[in-house]
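Note sheet for the following structure.
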Amino acid sequence: MGSERVALLYLVLIAMQQVATATIRQSREIIITDAVRRIQNDGYNVERHTVTTKDGYVLTLHRIPQVDPERGSVLRRPLVFLLSGLYASSDVWLLNGREDSLAYLLWRAGYDVWLGNNRGNIYCRKNLWHNATEREFWDFSWHEMGVYDLPAQVDYVLRTTGQRAMHFVGISQGGTVFLVMNSMLPHYNAVFKSATLLAPVAYVSNTKSGLAKIIGPVLGTRNYVSKMLEGVEMFSTNKFFKKFLSMTCLENEKPMVCISRLWPVAGYDTRFLNKTLLPDLMANFPAGGSVKQLMHYFQGYVSTRFRQYDYGPERNWLHYQQLEPPEYVLENVSTPVTVFFSENDYIVAPADIWRLLTRLPNVEAVYKVPWKRWNHFDFICGLGVREYIFDNIVLSMNRYEQRRR
């Protein structure tokens, strides 16, 4: 009789656990696809700002300000600007939850946190002269993000806050955009106290990406196909479709179906990916962009160089007054730079990281993550990302601010 009671109690506990798990899953805000709602839901103050670039794109920024609890006024605190990667948005800095997301860690450390966005993602689908249904709207790569989007956002943040400098954190394409801006417009180096680049993409000739190896030779050269794909949107930003993807991940006990959607960009070894974040990740990624962004990387794979977009000899002459596109002068990037990378990164190979580092004149620190199977997506959503990377970023920025005092 005692054993039957134990068995019955065991079954009741299992049932209670399943009910609790189902309740948590139903109550999780996995379908939040707006950064303002997510930040509010996580219990932080938030502001939404817009800025227009010189070529007419209307960009949205999200701010997590330091607010005086008694007066309700915004406090003047050190600035940090975060920029996401390819086909992502400001949401990626929030997906790890209210305790472990980098944006919130920096806020709790006393920083005025700004989350940037680039043209074409879900927050930046307006232009003064073109609709998002027109080819002209999508005729851009990350080069335009570096010479138009990031400068416009940086200028706006400094103008709004009345400050002269900020810290920068960028992942993947966010690092690319930073390098483009500071090489093309070197006076912006004085604006940044420090720059932390997580798996920055510059040179890609040694990438393990199957997409680059299979499609790169086609889309990375000038031909009929690549010319036709200029001015084409890469991913739909339909929120209903994203909610559907997130719910399919939620219902799937073994989330390999969800993980397989990331394989083309993240790689097949996803053992460190925090799979509890998959529903949120699917609800917010990809966030939109142009095919030309990817083709510009493929051009780098084919040419083995980090240079401006290749339009072919005739159009290159019109754009650059030379037959080949000019390389980015990375020696102009004088901001103190810290780089994090992984030897197993599916996108950015260590050899390409070291090639980049040899050209940067002011490398302050280089961190190779200690896990051999750490991959590209793990820099945002990997297990251990807070303990090894995010906490190190906060400590490094705090040390800089203390030295300045």
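Could you grab me the full set of residues in segment 159-186 that are without any contact (Cβ under 8 Å) to a residue 40 or more places away in the chain, among the aliphatic types (A, V, I, L, M) and not in a loop (DSSP other than H, G, I, E, B)?
The answer is M181, and nothing else.
Give me a count of the residues in segment 361-405 that are touching a Leu at 6+ places or on another chain (Cβ under 6 Å) and farther than 27 Å from N284 by Cβ.
Residues meeting the conditions: 1.
Going through segment 322-335 one residue at a time, which ones are of a type outside the set (A, V, I, L, M) and not in a loop (DSSP other than H, G, I, E, B)?
E327, E331, N332
Report those helices (runs of 4 or more DSSP H) wholly inside segment 187-282 carrying at least 1 residues which are of a type in the set (D, E, K, R), at pLDDT below 85 and out of contact with any Asp or Glu (no Cβ under 7 Å at 6 or more places or on another chain). Reasoning before the result, please.
Working: elements: 210-219, 224-229, 239-251, 256-266.
Counting at least 1 such residues, we get 239-251, 256-266.
Select from segment 41-64 the residues that are crowded, with 18+ Cβ neighbours inside 10 Å and not hydrophobic (A, V, I, L, M, F, W, C) and write down the one among them that is nearest to D112 (Cα to Cα).
Here the residue is R63.
Here is a yes/no grid of residues against (1) in contact with a Phe, Trp or Tyr (Cβ under 9 Å, 6 or more places away or on another chain); (2) surrounded by fewer than 22 Cβ atoms within 10 Å (Cβ to Cβ):
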{"residue": "N117", "(1), (2)": "yes, no"}
{"residue": "N121", "(1), (2)": "yes, no"}
{"residue": "E134", "(1), (2)": "no, yes"}
{"residue": "S141", "(1), (2)": "yes, no"}
{"residue": "Y148", "(1), (2)": "yes, yes"}
{"residue": "I171", "(1), (2)": "yes, no"}
{"residue": "V180", "(1), (2)": "yes, no"}
{"residue": "P200", "(1), (2)": "yes, no"}
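Evaluate segment 314-331: report whether one residue or more is surrounded by fewer than 22 Cβ atoms within 10 Å (Cβ to Cβ), in contact with an Asp or Glu (Cβ under 9 Å, 6 or more places away or on another chain), over 23 Å from G146 (Cβ atoms) and at pLDDT below 95.
Step one: of segment 314-331, the residues surrounded by fewer than 22 Cβ atoms within 10 Å (Cβ to Cβ) are 314-327, 329-331.
Narrowing further to those that are in contact with an Asp or Glu (Cβ under 9 Å, 6 or more places away or on another chain): 316, 323-325.
From what's left, over 23 Å from G146 (Cβ atoms): none.
Taking every residue of segment 314-331 in turn, none turns out to be surrounded by fewer than 22 Cβ atoms within 10 Å (Cβ to Cβ), in contact with an Asp or Glu (Cβ under 9 Å, 6 or more places away or on another chain), over 23 Å from G146 (Cβ atoms) and at pLDDT below 95.
Are any residues in segment 102-145 under 13 Å from the mean Cα position of the chain (by Cα) and of a type in the set (S, T, N, Q), and if so, which ones?
The answer is N117, N118, N121.
The values are calculated or read from the model by the stated rules, or taken from the named source; none is laboratory data. Bear in mind the structure is a predicted one, so any value in this text is a computation, not a measurement. Backbone-built Cβ (ideal geometry, glycine too); neighbour counts: all protein chains shown.
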